[in-house]
1. Working only within segment A:3-24, note down all residues that are open to solvent by less than 30 Å² (accessible area, probe 1.4 Å), among the hydrophobic types (A, V, I, L, M, F, W, C), within 13 Å of residue A:72 (Cβ to Cβ) and part of a helix (DSSP H, G or I).
2. Let me spell it out: the conditions are (1) open to solvent by less than 20 Å² (accessible area, probe 1.4 Å); (2) in contact with a helix residue (DSSP H, G or I) (Cβ under 7 Å, 6 or more places away or on another chain); (3) touching a residue at least 40 places away in the same chain (Cβ under 8 Å), and residue B:60 meets all of them except one. Which number is the exception?
3. Have a look at B:5, B:39 and point out the one that is out of contact with any Leu (no Cβ under 7 Å at 6 or more places or on another chain) and of a type in the set (S, T, N, Q).
4. Please go through segment B:36-59 and give me each residue that is in contact with a Phe, Trp or Tyr (Cβ under 8 Å, 6 or more places away or on another chain) and more than 7 Å from chain A (Cβ to nearest Cβ), ordered by number.
5. Quick test for you: out of A:38, A:27, pick the one residue that is surrounded by fewer than 20 Cβ atoms within 10 Å (Cβ to Cβ) and closer than 19 Å to residue B:37 by Cα.
6. I need a count of the residues in segment B:7-26 that are at the interface with chain A (Cβ under 7 Å from one of its Cβ atoms), more than 13 Å from residue B:65 (Cα to Cα) and more than 10 Å from the chain's Cα centre (by Cα).
7. What are the pairs, 6+ residues apart or on separate chains, where a residue within segment B:37-54 that is farther than 20 Å from residue A:5 by Cα and outside any helix (DSSP H, G or I) has its Cβ under 6 Å from a residue that is open to solvent by 20 Å² or more (accessible area, probe 1.4 Å) and of a type in the set (D, E, K, R)?
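The values are calculated or read from the model by the stated rules, or taken from the named source; none is laboratory data. Note that the structure is a prediction, hence the values are computed from the model and not measured. Note that each Cβ is placed from the backbone with ideal geometry, even for glycine, and that neighbours are counted across all protein chains shown. Surface accessibility is based on the protein's heavy atoms, side chains included, excluding ligands, DNA and RNA. Shrake-Rupley method; radii C 1.70, N 1.55, O 1.52, S 1.80 Å.
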There are 2 protein chains.
Amino acid sequence: MNKYSLYIGIAAGVCTGIAMLPQLYKILKEKKAEQLSISMMIILLSGLGLWIFYGILKKDYPVIITNGFSFLINLCIIFFSIKYKK
Amino acid sequence: MNKYSLYIGIAAGVCTGIAMLPQLYKILKEKKAEQLSISMMIILLSGLGLWIFYGILKKDYPVIITNGFSFLINLCIIFFSIKYKK
């Protein structure tokens, strides 16, 4: 892999990773999450898990690291969504 | 790329792609999107665009196709979010 594509991959992963942060912030601030769909979150979590596996198979580090980060953020979103829905 | 990783990549992309569909469906059904953060959507769109670029650089077809699909779904979500926020 050349350095150029490594940087693009990291930039891509940073964007799709931090894209989840405002959602997490909103849930924590407003303490409600009725409009978020839990089904979406579960499917997204499965997809991110598969991306990590794919990255490992292809030894593609930007894919592994950035999807790993997104996976953690998404886990937090699911946790607080369920907590505040009750 | 071996066939095994191709299937994993496609499965991963299908999950992260369809994960956005329930959100789009919810917005269309409820005709409101106050709880969705537009900033998140814009950053996510940039990230998906960069993933497509990364996929092209690495000739990684699962990455290109699935992020292209997510990009389109996300564009629809942004369009209707802005429409219903007004």
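1. A:24 - this is the single residue of segment A:3-24 that is open to solvent by less than 30 Å² (accessible area, probe 1.4 Å), among the hydrophobic types (A, V, I, L, M, F, W, C), within 13 Å of residue A:72 (Cβ to Cβ) and part of a helix (DSSP H, G or I).
2. (2)
3. Details: B:5 fails: out of contact with any Leu (no Cβ under 7 Å at 6 or more places or on another chain).
Among B:5, B:39, only B:39 is out of contact with any Leu (no Cβ under 7 Å at 6 or more places or on another chain) and of a type in the set (S, T, N, Q).
4. Answer for segment B:36-59, where residues must be in contact with a Phe, Trp or Tyr (Cβ under 8 Å, 6 or more places away or on another chain) and more than 7 Å from chain A (Cβ to nearest Cβ): B:45, B:49, B:52, B:55.
5. Details: A:27 fails: surrounded by fewer than 20 Cβ atoms within 10 Å (Cβ to Cβ).
None of the others qualify; the one that does is A:38.
6. The qualifying residues number 4.
7. Close Cβ pairs (under 6 Å, with a partner that is open to solvent by 20 Å² or more (accessible area, probe 1.4 Å) and of a type in the set (D, E, K, R)) amount to B:37/A:26.
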